[in-house]
Amino acid sequence: MAVYVRKNGVMVDKATGSPMLTDEDRAKPIAVPFVMSDIPEYRSPIDGRLIGSRTQRRDDLKRNGCVEYEPSISPTKGKIRNKAFAAKRGLKVSEEYL
């Protein structure tokens, strides 16, 4: 296993003197893990079961024949066109549906 020491402001291999990171390596972004927090508990609007994790959410959607909301699969692409719906919820109708 390599042992690195600081020499002239650069970390180098103690045995060979080669730099720990090349200039090319320093230009790359540092890779770090991404940890996604779990979702807060809620009741399924379909069958009333308590959902407390992403796994339970996926199972609930699959069990009830549902899919996660994606604007790209919506015929209106997530835009609101119903004036009564928008007014009741304090939303604005999308420009192309005015």
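Straightening the chain between Asp23 and Ile39 buys 1.7 nm, computed as 0.36 nm per residue apart minus the Cα-Cα spacing.
The chymotrypsin sites (Phe, Trp or Tyr not before Pro) of the range 2-49 that DSSP puts in a loop, and whose beta carbon has at most 13 other beta carbons within 10 Å, are Phe34. Structural descriptor for the chain: relative contact order 10 percent, calculated from alpha carbon pairs under 8 angstrom and at least 6 residues apart.
Subtracting the Cα-Cα distance of Gln56 and Val32 from their residue separation scaled by 0.36 nm leaves 5.9 nm. Less than 13 Å Cβ to Cβ from Val67, Lys/Arg counted +1 and Asp/Glu -1: what total charge do the surrounding residues give? Net of charged neighbours comes to +1.
Once backbone amide H atoms are built at 1.01 Å from N, Tyr4 has Lys14 as its partners under 5 Å, excluding neighbours fewer than 5 places away on the same chain. Per-residue ellipticity at 222 nm, computed for the chain from helices alone with -39500 (n - 2.57) per DSSP H run of at least four residues, works out to -6000 deg cm²/dmol.
Under a 5 Å amide H cut-off, with hydrogens placed 1.01 Å from N, Ile51 pairs with Tyr42, Arg43, Ser44 among residues at least 5 apart or on other chains. The C-alpha atoms of the chain define a longest principal axis, and helix 54-63 lies at about 40 degrees to it.
Restricting the range 10-98 to trypsin sites (Lys or Arg not before Pro) that sit in a DSSP loop and have at most 14 other Cβ atoms within 10 Å of their own Cβ leaves Lys14, Arg49, Lys77, Lys79, Arg81, Lys92. Residue by residue, the range 7-16 carries 3J(HN,Hα) couplings of 9, 6, x, 10, 7, 10, 5, 4, 7, 9 Hz when phi is fed to the Karplus relation 6.51 cos²θ - 1.76 cosθ + 1.60 (θ = phi - 60°); x denotes Gly or Pro.
In whole percent, and with a 1.4 Å probe on the protein chains, what portion of the accessible area of the chain is carbon and sulfur? Its accessible area is 57 percent carbon and sulfur atoms. Among all stretches of the chain without exposed GluC sites (Glu not before Pro) (DSSP loop, at most 14 other Cβ atoms within 10 Å), which one is longest? Here the longest run is 1-40. Taking a sphere under 14 Å around the Cβ of Tyr97 and counting the other residues whose Cβ falls inside, with K and R at +1 and D and E at -1, yields a net charge of +3.
The amide H of Met20, built 1.01 Å from its N in the peptide plane, has Met11, Val12, Asp13 as neighbours under 5 Å, considering only residues 5 or more places off or on other chains. The charge dipole of the range 35-98, taken about its Cα centre with unit charges on the Cβ of Lys, Arg, Asp and Glu (plus for the first two, minus for the last two), comes to roughly 260 debye.
Over the chain, the fraction of Cα-Cα pairs per 5 Å bin, rounded to whole percents and listed from the shortest bin up, is 2, 9, 10, 9, 9, 10, 8, 6, 6, 7, 8, 7, 6, 3, 1, 0. Backbone phi angles across the range 81-98, fed through the Karplus curve with coefficients 6.51, -1.76 and 1.60 (θ = phi - 60°), yield HN-Hα couplings of 10, 8, 5, 5, 4, 5, 5, 4, 9, x, 9, 10, 6, 4, 3, 6, 10, 6 Hz in residue order; Gly and Pro are listed as x.
The values are calculated or read from the model by the stated rules, or taken from the named source; none is laboratory data. On a predicted model such as this, the values are computed, not experimentally measured, just so you know. Neighbour counts run over all protein chains shown; Cβ positions are idealised from the backbone, glycine included. Remember, those area values only see protein heavy atoms, side chains included, never the ligands or the DNA or RNA. Shrake-Rupley method; radii C 1.70, N 1.55, O 1.52, S 1.80 Å.
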